[in-house]
1. Connecting C-alpha atoms closer than 10 Å in a GNM of the chain, tell me which of 262, 182, 170 has the biggest fluctuation.
2. How much of the DSSP beta bridge set in region 157-263 is antiparallel, as a percent to the nearest 5?
3. Between the alpha-carbon centers of region 95-156 and region 212-231, tell me the distance in whole angstrom.
4. Please report 146, 280, 105, 39 as a ranked list, fewest other C-beta atoms within 10 angstrom at the top and most at the bottom.
5. Using a simple spin-label model with points 7 Å from Cα along the Cα→Cβ vector, what separation in nm is obtained for residue 299 and residue 133?
6. When a footprinting reagent is the concern and you count Cβ atoms within 10 Å, what order do 135, 49 take, fewest first?
7. What order do you get for 4-12, 136-144, 243-251 when each peptide is scored by the mean count of other beta carbon atoms within 10 Å, highest first?
8. Quick one: compute the contact order of region 21-114, relative version, from alpha carbon pairs under 8 angstrom and 6+ residues apart, as a percent.
Ligand code: ASP
């Protein structure tokens with residue numbers, strides 16, 4: 001099986017002066033994930049490591065760089081799913097850790113639960129030896145500025161920013177044909193304290209099944225949840241649609257039913273992949289067969305060979 005990885009850095013409106021860094025970030029992360037797959041690594045390790053890189057990149061809304069809640073605090077959601085076993089692990093409203101995706105993997109592997117939240121998730125992180133980091137280390141000047149601006153505007157946070165955010169995620173298939181998905185986010189800017197978005201909810205913020213494929217979405221979480229977007233895309237693939245057709249059908253349905261704006265990266269069990277969105281933009285990158293593909297605007301696909309290392 002030819003390994004494949006596709007990653008995104010969030011759907012929505014990317015300000016012109018942030019386009020280059022968004023593309024650079026997803027390219028770098030996908031190349032890192034691809035190198036793991038090329039060395040015979042698992043899809044699970046590849047998606048986790050790809051998302052770790054994006055969480056550590058302050059340009060994205062995950063880990064350091066997360067958007068702030070209504071009180072100006074960081075609360076993050078993340079999920080990982082293993083398509084071989086359908087095991088999954090997630091954390092929601094987690095505070096003061098650098099890499100929520102790593103904690104999600106531990107929830108999957110070390111507990112019999114699928115999702116831990118808030119204080120329970122923090123307690124579990126401590127038990128697992130994950131260091132607590134100062135909240136300030138997760139907050140950038142940019143996220144503080146956006147929080148302040150929206151607060152002063154008095155506008156409804158959800159209405160004003162449907163899809164205007166920068167969540168991260170990845171899907172992959174490895175040389176053994178195992179498939180995985182991972183997503184991580186700071187959520188929606190100025191969200192209510194305790195708001196849980198689509199990301200940590202299985203079938204919404206991720207899905208992976210070796211028998212079909214995998215999805216990692218980004219965008220308006222409430223809309224994604226209303227149509228269980230990730231599982232809906234897999235359903236369409238089960239009915240014979242390609243990743244691109246399935247993504248377009250599901251995004252179209254979500255828009256029609258609940259006016260949701262979102263984007264997805266998808267891979268199927270044959271290694272066919274797609275990156276689709278109905279928001280204005282989504283930064284994404286994919287690697288397959290030693291070729292790197294990437295884009296940020298609709299129907300834009302740049303392709304270049306991946307240099308041998
Ligand atoms: N889906 C995320 C959420 O609603 C936000 C995003 O993808 O930008 O929490």
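Each value in this text was obtained by applying a stated rule to the coordinates, not by laboratory testing. Just so it is clear, the structure is predicted and the values come from calculations on it, not from any experiment. All Cβ positions, even for glycine, are placed from backbone atoms using ideal geometry, and neighbour counts span all protein chains on display.
1. Top of the fluctuation ranking is 262.
2. So the antiparallel bridges amount to about 90 percent of the total.
3. Using only Cα atoms to place each centre, the spacing works out to 21 Å.
4. Working: 146 19, 280 16, 105 23, 39 11.
Arranged by neighbour count, lowest to highest, 146, 280, 105, 39 become 39, 280, 146, 105.
5. The modelled label-to-label distance comes out at 4.0 nm.
6. Numbers: 135 13, 49 21.
Ranking 135, 49 by Cβ neighbours within 10 Å, fewest first, gives 135, 49.
7. On the way: 4-12: 30.1, 136-144: 15.4, 243-251: 22.8.
My ranking of the peptides, most packed first, is 4-12, 243-251, 136-144.
8. Working: 140 pairs, mean separation 18.8, N = 94.
For region 21-114, the relative contact order is 20 percent.
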